[in-house]
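Below is one structure, written out as structure tokens, with a few remarks after it.
The values are calculated or read from the model by the stated rules, or taken from the named source; none is laboratory data. Remember, it's a predicted structure, so these values are computed and weren't measured experimentally. A quick note on method: Cβ atoms are made from the backbone with ideal geometry, for glycine too, and the neighbour counts reach across all protein chains shown.
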Amino acid sequence: MARLIRLAIVACVAWAAWHAGVAAWRQFEFSDTVAQIAQFGSDRDADSVRAAVLEAAAKLDLPVTPKGVSIRKEEQPSHLYIDVSYTAQVEIFPRYKYPWTFTTSAHGWFVPGGRIPPK
């Protein structure tokens, strides 16, 4: 009986670790994509940057809403700041979901005359 209880505990820990790891990995991928958008999107307007962030979130099945995306631009030199916040429901135990809030911040700057040609 004790062996069965230990096995059940190990299974629950493995379940939680797997689901938390998947959520953390998606956040890592999303943060990298947002950093790229900030780095190469300083010449875009705020709406197209927001659309690119939301598209990246949709590709990773993340629950990011337009309200959760904050974009700030500064001129001379050109800076682009992107802040994203969202809450994912991570299934820690079978049929028990934990609300895990993730935040991502990215900063990109652009030097006039230093553009990279589009692909």
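From the residues in the range 66-95 that are at pLDDT 85 or above, surrounded by 11 or more Cβ atoms within 10 Å (Cβ to Cβ) and over 15 Å from A46 (Cβ atoms), which one is farthest from the chain's Cα centre (by Cα)? Top of the filtered list is I92. Of all residues in the range 100-116, none satisfies being buried (at least 16 other Cβ atoms within 10 Å of the Cβ), in a helix (DSSP H, G or I) and over 19 Å from the mean Cα position of the chain (by Cα). Screening V90 with (1) in contact with a Gly (Cβ under 8 Å, 6 or more places away or on another chain); (2) within 30 Å of W18 (Cβ to Cβ); (3) not polar (S, T, N, Q) gives one miss only, at (1). If you filter the range 1-53 down to residues that are among the acidic types (D, E) and assigned to a helix (DSSP H, G or I), you find that the one that is nearest to S78 (Cα to Cα) is D47.
Quick one: count up the residues across the range 38-75 that are acidic (D, E) and touching a residue at least 40 places away in the same chain (Cβ under 8 Å). First the steps, then the outcome.
We begin by selecting, within the range 38-75, every residue acidic (D, E); these are 43, 45, 47, 55, 61, 74-75.
Subsequent filtering for residues that are touching a residue at least 40 places away in the same chain (Cβ under 8 Å) retains 43.
Residues flagged as acidic (D, E) and touching a residue at least 40 places away in the same chain (Cβ under 8 Å) within the range 38-75 amount to 1.
What is the residue count in the range 60-105 for residues that are closer than 30 Å to A11 by Cα and basic (K, R)? Write out each step before concluding.
Step one: list which residues in the range 60-105 are closer than 30 Å to A11 by Cα, which gives 60-63, 86-103.
Subsequent filtering for residues that are basic (K, R) retains 95, 97.
Number of matching residues: 2.
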